[in-house]
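Just below is one structure, and these are the notes that go with it.
Values quoted throughout were computed directly from the atomic coordinates according to the rules given, and no laboratory measurement underlies them. Fair warning: this is a prediction, and the values are worked out from it, not measured in the lab. Don't worry about glycine lacking a Cβ; one is built from the backbone with ideal geometry, like all the others, and counts go over all protein chains shown.
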Amino acid sequence: MKLEIISPEAILLQSAVKSVAVPGVNGEFQMLDNHAPIVSLLQKGKIIIDGNPEIEEDFQNKFEKENGKTILKINSGTVEMSDNKVIILVD
């Protein structure tokens with residue numbers, strides 16, 4: 001599936017991934033290939049990306065590696081999953 005993470009400053013990531021877990025306001029949840037369409041608000045926490053995302057050099061300092069996964073810490077945001085594409089808007 002495709003993942004896009006967008007901040008007010010720039011598109012932080014556009015890449016194919018295996019799965020992504022997000023800190024929803026009602027609890028963390030994970031999206032895999034062919035997940036049902038969803039829109040949700042996000043709270044402060046970690047976006048956990050499984051796969052080998054291609055991160056542009058300018059934004060690599062925003063991401064961390066933890067247990068073989070790529071992590072992005074956020075304060076809030078929204079997520080939309082539709083047609084095997086996840087778009088995350090973050091603060």
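Net charge dipole, the chain: roughly 280 debye, given to the nearest 20, about the Cα centre with Cβ charges of +1 for Lys and Arg and -1 for Asp and Glu. Would you kindly calculate the translational diffusion coefficient of region 2-90, applying Stokes-Einstein with the Kirkwood radius from alpha carbon pairs, for 20 °C and a viscosity of 1.002 mPa s, and quote it in µm² s⁻¹ without decimals? Roughly 167 µm²/s, to the nearest whole number. Once each of the trypsin sites (Lys or Arg not before Pro) sitting in a DSSP loop with at most 15 other beta-carbon atoms within 10 Å is removed, the chain keeps 45-91 as its longest stretch. Restriction of the GluC sites (Glu not before Pro) in the chain to DSSP coil positions whose beta-carbon has at most 15 other beta-carbons within 10 angstrom yields Glu9, Glu54, Glu56.
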